[in-house]
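The values are calculated or read from the model by the stated rules, or taken from the named source; none is laboratory data. Predicted model, so just to flag it, every value in this text is computed and none were measured. Cβ placement follows ideal geometry from the backbone for every residue including glycine, while neighbour counts extend to all protein chains displayed. These area figures cover heavy atoms from the full protein model, side chains too; ligands, DNA and RNA do not enter into them. Shrake-Rupley method; radii C 1.70, N 1.55, O 1.52, S 1.80 Å.
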Amino acid sequence: MMDLSLIAENAHLFAQGVWVTITLVSMALAGGVLLGLPMAIAQSQRIPVLGRLAQVYSYVFRGTPLLVQLYILYYGLAQFEAVRASIFWVPLSNAYVCALIAFTLNSAAYVTEIYRGALLNVDRGEIEAGLACGMTRRQVMWRIIVPQALRTSLPAYSNEVIFLLHASVVASTITVIDILGAGRTLNAQYYVVYEGFLTAAVLYMAIVAVLTLCIRWLERRYLFSKA
Amino acid sequence: MKALHKAALLGVAIAMGAVTSASADVTKIRWGTEAGYKPFMFKTADGELTGFDYDIGNAICEVLKAECTWTEQAWDGIIPALNARKYDAILASMSITEERKRVVDFTGKYYQVGYRFVGKSAAGLTIEGLEGKTVGVQTGTVTENYLRAERPDITIKAYPTQDEVWLDLAAGRIDAGFANKIVVQDGFISTDKGAGFEMFGPDYTEAKYFGEGTGIAVRKQDGELKEAITKAIAELRASGKYQEINAKYFVFDIYGE
């Protein structure tokens, strides 16, 4: 039934797909943390205006499907002559960049919620201890609250990592050849079904396996070794 | 057990098909199609299927006195869904190629046209000049397979539907498109988006890549349905019904030689 030689012959296609998926997801995750952490702080500290803006942001991006966000960014914006004539067209004309922007903005919204909860849950005693030692509120934030929140949110954040990896398949709908894109290309070229999809599934599982090991290590190192 | 049961039923069905006369007991045809291919198969403003393929399908059912239903399916899964029995036949401007014949059977052709490139008139593109350029095609089509085999010098961008190729060509993300020339004309050049675009290069018809015309695909074991539809197409040609439908969409006979 399965034609394994077909997969072997197209190994380069899948290798390229793995590279695209990994770079896309890791850059989006990094960008998500850089955007999401300040927003989470703004929300948890109830900073006027900024806190509210962060709330609206996360509502909008968590309230709409990633695929819709990607289509609006990729096909929607391209409809406007003004956009095509502007400097923004340089990045927006590239499908990979559009996917990266959409994933980053989307991940930032989820990260904001994860960190907001974790920031609020930091033990009051630790904060008071910091203040008693003479730290300023800013010092308490960066030396105690943020590190503690990053630590305790590891399990929730690891879920977001895996979620984004799987959600990244939508990139294949705007011509990006990621892992699923490679599978679809193979299927379309040879009129097969299982070969492309199963290979893609196995590759995603392999990446998740490696990720899980990394997360376990991080958790052992930062979450359970309090002594 | 269940598989055995199914196999036995299938055997009986095949045996029955062999003894009954063709076309006599085709009472229902479930068509599978994809609707991003104007003027062959597209949707009206209120979401109804329409187009040359749609009219031909309904006319075939009229001839066979069969009941027709239509199911939409994304192009990249259109053959697998046929073999998974989601519908009985694909009527979606599918070229009859050797590669596809390995997995499905085809009726005789119901039309035949060439394939052409399209790009911005101002860019003055030529076939040779496409080297290093980006060309958009619908994924899993004869045009994609041709480019992959014959033009390694071109960057290929494959889209789920033909309509998305037109969107990106108009937006300037790709330098050229490559498709059935009627679709290029009616689906793009004569629309608002396609102003300032024109076709270039020759008519591609080479059977090795572009097939022996456009046919209707059926499952390999459905010989009876294949015969019935092939006969119905011939009957449509003979009765003048085909020419009537043809005139609705085209100024020339699209059946080819």
* What pairs can you find where one residue is in segment A:189-216 and on the phi > 0 side of the Ramachandran plot and within 11 Å of chain B (Cβ to nearest Cβ), the other is open to solvent by 40 Å² or more (accessible area, probe 1.4 Å) and not in a helix (DSSP H, G or I), and their Cβ atoms are less than 7 Å apart, with a gap of 6+ or different chains? -> A:Tyr191/B:Val103
* Just give me the residues in segment A:131-185 being within 14 Å of chain B (Cβ to nearest Cβ), open to solvent by 40 Å² or more (accessible area, probe 1.4 Å) and not in a helix (DSSP H, G or I), in sequence order. => A:Ile177
* Asked: Of the conditions (1) part of a helix (DSSP H, G or I); (2) among the β-branched types (Val, Ile, Thr); (3) surrounded by 13 or more Cβ atoms within 10 Å (Cβ to Cβ); (4) away from chain B (no Cβ under 14 Å), A:Val83 fails just one. Which one is it?
  -> (4)
* To do: Kindly indicate whether B:Lys193 is touching an Asp or Glu at 6+ places or on another chain (Cβ under 7 Å) and either open to solvent by 20 Å² or more (accessible area, probe 1.4 Å) or within 14 Å of another protein chain (Cβ to nearest Cβ) (or both).
  => no
* Structure fact -> B:Val26 vs (1) away from chain A (no Cβ under 14 Å); (2) crowded, with 19+ Cβ neighbours inside 10 Å; (3) modelled with pLDDT of 95 or more: all pass except (3)
* Structure fact -> When restricted to A:Ala78, A:Ala99, the only residue part of a helix (DSSP H, G or I) and under 21 Å from the mean Cα position of the chain (by Cα) is A:Ala99
* To do: State which residue is farthest from B:Gln112 (Cα to Cα) when the search covers only segment B:43-53 and only residues that are acidic (Asp, Glu) and assigned to a loop (DSSP other than H, G, I, E, B).
  => B:Asp46
* Structure fact -> Every listed condition ((1) buried (at least 21 other Cβ atoms within 10 Å of the Cβ); (2) closer than 25 Å to A:Ser172 by Cβ) holds for A:Leu4 save (1)
* Structure fact -> Of those in segment B:147-165 that are touching a strand residue (DSSP E or B) at 6+ places or on another chain (Cβ under 7 Å), in a helix (DSSP H, G or I) and more than 14 Å from A:Thr173 (Cα to Cα), the residue most open to solvent (accessible area, probe 1.4 Å) is B:Arg148
* Asked: Considering only residues of segment B:65-85 that are more than 14 Å from chain A (Cβ to nearest Cβ) and under 15 Å from the mean Cα position of the chain (by Cα), which is surrounded by the most Cβ atoms within 10 Å (Cβ to Cβ)?
  -> B:Trp70
* Asked: Considering only segment A:7-33, how many residues are touching a residue at least 40 places away in the same chain (Cβ under 8 Å) and open to solvent by 60 Å² or more (accessible area, probe 1.4 Å)?
  -> 3
